[in-house]
Amino acid sequence: LIIRLTLEIFIKTYIKNEEERRSEINILKDQENYRREFLGNISHELKTPLFTIQGYILTLVEGGALKDKKVREKYLRRAAKGVDRIISIVKDLDLITQFESGIKTVDRSEFNIYDLIENVFDLLEFESEKNSISLKLENNNSLIYVNADQERILQVLTNLIVNSIKYGSDNGHTKVIVEDYNKEKVIVRVIDNGEGIEQEHLPRLFERFYRIDKNRSRKKGGSGLGLSIVKHIIEAHQEQIFVESKIGEGTEFSFTLQKPKASSTKN
């Protein structure tokens, strides 16, 4: 009996150890696959503007276009756009790295979230008009204060609203709603009536460089890091971010923010 019990314990321990080892192997494989995909994506993102810059400069240097003032200025402006894109990618990667390393801290203050949303609308007015998207702020109360990093939440709202403008429908809209989430938090909802996102893509939307349609997304511009930055900023606040979408109906991104303590709430 003792031998049988000992054998059973040994078998169970062996099986458990094997399962743990397989789990560790699978995690390592997933990490390796993610690393390869990430390196491939960043290589592709940098390669396009680098080749563009190289092409225009070589044309100027070797093709004799330097003597033509109009051609020279046009090619240099286009090369400068490629440089701007590389700088944007590097800055965004640096920001994400800082958040992941715990270097970037959240500088909290109390501010009216509606004022911040209206500031973003003002900044993106030209962009929204160019894309035939109307920006709407739905509110029953023009004074809702939150306790957060104002500069970072400005970045979150800007990234989400720019994203909704890019993929919105012609003559569509993007609306922002702020409402109570619970007694201690509000939820900010950014809703559009654009083309929507298939459900299979939703779990990966916040990954670096993840694009639903790579060719279409690159034509729209951006570093491919906007949603990843949004997620890092919200998580640095110890808050939650959500996404819901239906094809042909639109997409909603929402995130929570802390309310100020009752004793310090402004009137």
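The values are calculated or read from the model by the stated rules, or taken from the named source; none is laboratory data. Predicted, not measured: the structure shown is a model, and the values here were computed from it. Side chains included, ligands, DNA and RNA excluded: accessible areas come from the protein's heavy atoms. Shrake-Rupley method; radii C 1.70, N 1.55, O 1.52, S 1.80 Å.
Across the protein chains, with a 1.4 Å probe defining accessible surface, the residues Ile241, Ile247 rank Ile247, Ile241 from largest area downward.
For the stretch 62-196, what is the accessible area per residue in Å² when the probe is 1.4 Å? Working shown, then result.
Working: 7710 Å² over 135 residues.
For the stretch 62-196, the per-residue accessible area is 57 Å².
Between the stretch 97-134 and the stretch 182-207, what's the alpha-carbon centroid distance in Å? Taking the Cα centre of the stretch 182-207 as reference, the centre of the stretch 97-134 is 16 Å away.
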